[in-house]
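Below is one structure; the comments refer to it alone.
The values are calculated or read from the model by the stated rules, or taken from the named source; none is laboratory data. None of the values given here were measured: they were computed from a predicted structure. Please note: Cβ atoms are built from the backbone with ideal geometry, for glycine as well, and neighbour counts cover all protein chains shown. What goes into the accessible areas is simple: the full protein's heavy atoms, side chains included, and nothing from ligands, DNA or RNA. Shrake-Rupley method; radii C 1.70, N 1.55, O 1.52, S 1.80 Å.
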Amino acid sequence: SLCVVKRMLESSTLVVGGGAVEAALSVHLEKYATTLNTREQLAIQEFAEALLVIPKTLAVNAAKDSSELVAMLRASHAKSQRGEDPEGNLQNTGLDLVNGKIRDNLSAGVVEPAISKIKSLRFATEAAITILRIDDRITLTKGQ
């Protein structure tokens, strides 16, 4: 926890915690994927689905119903991105794992350093790309 405090003090930028970033990015990527007509659409949709592992894992580790909480979280971020949130609070919606619901995590003080989130997403993306490149290079000959 001291490392988190150190990063918070070093970083000038914070993001909302509790799965908010992952849910918002997932909703955005799924919407973007529908604009593509190539097989890249499938890869982007799968990446968007993979992002939801973070909020699902958070909910499961808190012994909460992950399916229901993640569905509510996604719905909240979808409304926000469609412009159906006149007050602009839904973009900060994250998981409240004490009470088993969603809430405005920015006003609740649930934040994390943006640099940590960026690095995590970058490393996960690079790992996925590396695996895809290796998989693309492996070919089987007849009889194997």
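A few notes on this one:
- Residue in the stretch 56-73 that is more than 30 Å from I131 (Cα to Cα) and in contact with a helix residue (DSSP H, G or I) (Cβ under 8 Å, 6 or more places away or on another chain) present: yes
- Contact map, the stretch 29-48: first residue closer than 21 Å to I131 by Cα, second residue β-branched (V, I, T) and exposed (fewer than 14 other Cβ atoms within 10 Å of the Cβ), Cβ cut-off under 9 Å, separation 6 or more or different chains; pairs are Q41/T34; Q41/T35; Q45/T34; F47/T125.
- Enumerated strands (runs of 3 or more DSSP E) restricted to the stretch 1-113, each holding at least 1 residues that are open to solvent by less than 30 Å² (accessible area, probe 1.4 Å): 14-16, 93-96, 111-113
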